[in-house]
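The values are calculated or read from the model by the stated rules, or taken from the named source; none is laboratory data. Keep in mind it's a predicted model, so treat the numbers as computed, not measured. Methodologically, a virtual Cβ is constructed for each residue, glycine included, from the backbone with ideal geometry; neighbour enumeration extends over all protein chains shown. The protein model used for the area step is the full one, side chains on, heavy atoms only, and it has no ligands, DNA or RNA in it. Shrake-Rupley method; radii C 1.70, N 1.55, O 1.52, S 1.80 Å.
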Protein chains: 2
Amino acid sequence: MTARLIARTPSAVATQMVIGTILETGVRTSPNQEIVYADKCRMTYLELQQRVGRLASALAAAGVKAGDTVAVMDWDTHRYLECFYAIPMMGAVLHTVNVRLSPEQVLYTINHAKDDVILVNREFLPLIDAVKDRIETVKTFILLDDEGGDVPAGFAGEYEALLAQADSNYAFPELDENTCATTFYTTGTTGLPKGVYFSHRQLVLHTFALRAVTSGDGQGRFNQSDVYMPITPMFHVHAWGVPYLATLLGVKQVYPGRYVPEILLKLLVTEKVTFSHCVPTIIQMLLGSEVVRQLDLSKWKVIIGGSALPKSLAKGAMEMGIDIFTGYGMSETGPVLTLANLMPHMEEWDMDAQADVRCRAGRPIPMVDLRIVDGNMNSLPHDGKTQGEIVVRAPWLTQGYLDDPANSEELWQGGWLHTGDIGVIDADGYLKITDRIKDVIKTGGEWISSLDLEGLILQHPGVAECAVIGMPDAKWGERPLALVVKKPDADVTSEAIQNLVADFAEKGVISRYGIPENIKFVDSLPRTSVGKLDKKLMRTEHLG
Amino acid sequence: MTARLIARTPSAVATQMVIGTILETGVRTSPNQEIVYADKCRMTYLELQQRVGRLASALAAAGVKAGDTVAVMDWDTHRYLECFYAIPMMGAVLHTVNVRLSPEQVLYTINHAKDDVILVNREFLPLIDAVKDRIETVKTFILLDDEGGDVPAGFAGEYEALLAQADSNYAFPELDENTCATTFYTTGTTGLPKGVYFSHRQLVLHTFALRAVTSGDGQGRFNQSDVYMPITPMFHVHAWGVPYLATLLGVKQVYPGRYVPEILLKLLVTEKVTFSHCVPTIIQMLLGSEVVRQLDLSKWKVIIGGSALPKSLAKGAMEMGIDIFTGYGMSETGPVLTLANLMPHMEEWDMDAQADVRCRAGRPIPMVDLRIVDGNMNSLPHDGKTQGEIVVRAPWLTQGYLDDPANSEELWQGGWLHTGDIGVIDADGYLKITDRIKDVIKTGGEWISSLDLEGLILQHPGVAECAVIGMPDAKWGERPLALVVKKPDADVTSEAIQNLVADFAEKGVISRYGIPENIKFVDSLPRTSVGKLDKKLMRTEHLG
């Protein structure tokens, strides 16, 4: 006998998990709560709901049908939040365009996604003009505008004007929960952008899992009395899905437009923001500012993602009273996989011990099955030392790359999504990312994390920058090569660096195989367009 | 063009929502948190997880396979919690037997559910013995025992002894989320018990929706630092699903065994319980006890369900510092549909105004679409006055009655689950139950709530009890008949009661059609076996 599926009475309706339920819950919970767009616009949740209806009516009038793809090119605004709901709720697909890409890349994503309509902020009109002749499928352009200027020729109209004429009572269709809701593109260091996509079910489950793990009475919680402002853009993996979470909660939401430091700071204070997420560089910038040091940021909780949070930066933020901790995920994963909230007993720990935990990638959130595995997909122990590739299953992972079967199969080989990251998991279940799988150095049967080794070398007072790459080696498979940029006038020798690493090896911090016999002093390190170390280029330049 | 479903790469895995994810989350969150069974047993979440593995191994050894039905007859114990997980996680169906039914009814449900195995507490052996010859499908009996006595002949063994020999590493199968997980029976005032059933997906979504609505920083919230003790039995609609919610949260859980007032009170104090749910009579009992009045119950949050919470009782509890509020649902609905938490601005209100809100059925929880409709399924306004039948859609409603197509279709007619209750919804979205649809009085085109009218008549100082039923009337369709039990030696006339109701009609509290011209003074009112007014019998007795 096998497991029995439930029997469904013919008239019974199996309720689908669709994005509309998130908006509905927020409006029920907090009908009069505020949504703010910088100093330009304030509305209530009830008004948001009405405007979502109006937007759908306006888009339908402009020809949008279920199954169409509607692209948005905007900064973080109330309009974007409205698009997060109206477009998927119509059965259309929201394409959140990464406006930081080059015009050629933006063109590629528009054509590859087969966009039917583009809503574009006036700021990006030059970008669109530059490639307009080569845009293939877009039939309708709509202007997003804060300035009230002219609508360009060929545009169907301006957003607010279209909404003003539209009916707030749009009859949203009943949708299958596996309907595609959103799509966007991820850019690696090589190759063309790849499209990921998410269904209504996936976004709803991501939101409810976040709701379960972020709320309550422990450290870093996000509750009804909080005030939310994103500092990771809405075009970037749904701003980590937090606008959906914030709406479900019914909290006050503040959208800052383009990220201008002075405006972010002003909103932080005047709107009493208590919950945000951002990349480490934003915190770096804040800590370096004299103005910020005079503000009270002791009610601000911030999730850090995008790249590793250095411990020194975490401690600097904690000294200012900021409740800072890390989250981990990627475009392919919706994004959230883990969060580094403290366990209750850790809240008593001193700052240094806490910072160690807060800088890890964190523990898997509900419904996430995250493992570290060896090359044969065997699970590795949670001992805080054994490194393995991070593979995951969860209800909200992209089920492939858009129209790209080969990369899709590689992503999902063996029935697990391969993150391409290397990590360790400790006995408490906290994941720590040690490297990208492409950057790990496999030497003498050991895996040496290039990031770990870089971190150790950077502790030398004369070292300004450092990158470690693996070079082919006949005997050991690979050996580390350290590329080092000295601080001006600093006195650093290869031997000093080797002694430093050897000391750490002595203490068990890193394997003896990690002591680099090859060290090159260089003037600068090559970086990619988004500022990451370009190790592919380094390997090419220094091969042999 | 129609809405587009997401494309799935062949190797990609669509993670299913299965009950194991709830246990996994709890163990990750709070591995060392406690689970307590009265004064008999304490364990950690990690131990719970290991024991769930052992239980599955033991049941498999006893012949349980995926698709089988495993019945449990027990009070609220750690064993029941283990069954909540192990049995569904094996792909089998957990039948939670209502041990308060008569032996004949218990027999009926065991045979109708086609139970394969029964786990039975020693206390219920006489009940089983009385019907054992007529049990049709059960092949295996397992003893649940707190006393350590002999295992009856023909039993496969005793629970703890079987677990002690079993392997904690059971290989749970991967399940489709629509696999049936639980079944149990609902008994109306007439007819045979009807079986309802719930899938893994339904229970997981119910749990996550509860997690979203109950946690955070408002009134009556259930957070990680709370301590949970059920006072609605685990055989009754999964104890409202709260054991699953408590496990997801990772809170300390206290199971009290059979509900003995002194034990409940002792556990409440010694285990520092802060969150429970019960029927109004439990609160009534507590408020009447001298012992209780000396306890500090000011940290105790209690959801009331099962029948209406009288305002006077709510105020009595609030005066003792208890954070009391109502929930609404039924066996068919998994159960929770609404909760009467205060909105933030109501937390400033005085006790009387708060009690009004706390006694309503509440607002729909996330994912619940709840409507009041007229006889043609038209939605009625949320004005706090217009009454309609309450119909619902939600992801966790039973999709029918077990092997009962006729009643299943009636339950789901028109694609909405019919609760059989009549209610009003106010502008804030709070539902108030005004009557059962069978008890409402349809007169002169108006719906008069028999419960409302009873409440008004009960305000006469000389009235002890009152029941109002609708009697056929040639001119008006129906007219109310009030059956009144006087207090001893009280002086009450029909005219006095009519004047009282007329005064309320004058103030707009009730329609003038509600003034009863027919009032009968009786010695007592007939009640059903569970103590509810037996209006069906009253209608028969007083017809014509």
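Some observations on this one:
- A Förster radius of 35 Å combined with the Cβ-Cβ distance from residue A:225 to residue B:14 puts the calculated FRET efficiency at roughly 0.45.
- In sequence order, calculated HN-Hα J values of the stretch A:113-124 (Karplus, 6.51, -1.76, 1.60; Hz; x Gly/Pro): 7, 6, 4, 9, 9, 10, 9, 10, 5, 3, 4, 9
- Among residues other than residue A:382 with Cβ under 9 Å from its Cβ, the summed charge is -3 (Lys and Arg +1, Asp and Glu -1).
- Computed over the stretch A:439-544, relative contact order equals 27 percent, with contacts defined as Cα pairs under 8 Å that lie 6+ residues apart.
- Under 5 Å from the amide H of residue A:471 lie the amide H atoms of A:479, A:481, each residue being 5 or more positions distant or on a separate chain, with H modelled from the backbone and absent for Pro and chain starts.
- Under 29 Å from residue A:132, Cα to Cα: lysines that are on another chain or at least 8 residues apart: A:65, A:114, A:194
- Cross-link partners of residue B:520 among aspartates and glutamates (Cα-Cα below 16 Å; sequence separation of 8 or more within a chain): B:454, B:465, B:491, B:495, B:541
- Per residue, the convex hull spanned by the Cα atoms of the stretch B:19-214 measures out at 134 cubic angstrom.
- Summarised in one figure, the compactness ratio Rg/Rh of the stretch A:1-77, Cα atoms and Kirkwood Rh, is 1.15.
- Inter-copy label distances at residue B:296, shortest first and taken from points set 7 Å along Cα to Cβ: 3.0 nm.
- Neighbourhood charge, 15 Å Cβ-Cβ cut-off, centred on residue A:304 and excluding it, Lys, Arg +1 and Asp, Glu -1: +4
- Total formal charge among the other residues, if their Cβ is under 12 angstrom from that of residue B:349, Lys/Arg +1 and Asp/Glu -1: -4
- Entries of B:442/B:536; B:438/B:536; A:252/A:301; A:487/A:536 with Cα pairs more than 19 Å apart: A:487/A:536
- The same position residue B:445 in the other copies lies at 9.2 nm from this copy, comparing label points 7 Å beyond Cα toward the beta-carbon, shortest first.
- Between the Cα long axis of helix A:261-270 and the first principal axis of chain A there is an angle of about 70°, rounded to the nearest 10.
- DSSP beta bridge pairing in the stretch A:19-214, given as percent antiparallel to the nearest 5: 35
- Label sites at residue A:307 and residue B:114, each approximated as a point 7 angstrom past Cα along Cα to Cβ, lie 6.1 nm apart.
- Residue-wise HN-Hα coupling along the stretch B:488-501, computed from phi with Karplus coefficients 6.51, -1.76, 1.60 (Hz; x: Gly, Pro): x, 6, 6, 10, 10, 10, 4, 4, 4, 5, 4, 5, 4, 5
- At R0 = 41 Å, FRET efficiency that the Cβ-Cβ distance of residue A:217 and residue B:385 yields, to 0.05: 0.60
- Chain A - share of DSSP beta bridges that are antiparallel (%, nearest 5): 55
- Residues in the stretch B:351-383 reached by a label modelled at residue B:442 [backbone nitrogen below 15 Å; 7 Å Cα→Cβ]: B:373-378
- A simple spin-label model places pseudo-atoms 7 Å from Cα toward Cβ; at residue B:44 and residue A:164 they are separated by 6.5 nm.
- A simple spin-label model places pseudo-atoms 7 Å from Cα toward Cβ; at residue A:543 and residue B:137 they are separated by 6.7 nm.
- When the surface is traced with a 1.4 Å probe over the full set of protein chains, residue B:347 keeps roughly 80 Å² accessible.
- Across the stretch B:311-317, rounded Karplus estimates of 3J(HN,Hα) from the backbone phi angles (6.51 cos²θ - 1.76 cosθ + 1.60, θ = phi - 60°) give 4, 4, 5, 4, 5, x, 5 Hz, Gly and Pro being marked x.
- Translational diffusion of the protein assembly as shown, estimated by Stokes-Einstein from the Kirkwood radius over alpha carbon pairs at 25 °C in a medium of 0.890 mPa s, is 77 µm² per second.
- Within the protein assembly as shown, percent of DSSP bridges classed antiparallel, to nearest 5: 60
- Cα pair distances exceeding 47 angstrom across chain B, given as percent: 15
- Cβ-Cβ distance of residue A:61 and residue A:403, R₀ of 25 Å, FRET efficiency by 1/(1 + (r/R0)^6): the value works out to about 0.25.
- Distance between the stretch A:480-544 and the stretch B:1-36 - C-alpha centres, whole angstrom: 41
- For residue A:428, the distances from its label point to the matching points in the remaining copies are 4.1 nm, ordered from shortest, with each point set 7 Å beyond Cα toward Cβ.
- Amide H contacts under 5 Å for residue A:157, placed H, 5+ residues apart: A:143
- Sequence-distant residues sharing a close amide H with residue B:71 (under 5 Å, placed H): B:95, B:116, B:117, B:118, B:119
- Charged-residue dipole, Cβ positions (Lys, Arg, Asp, Glu), the protein assembly as shown about Cα centre, Debye nearest 20: 520
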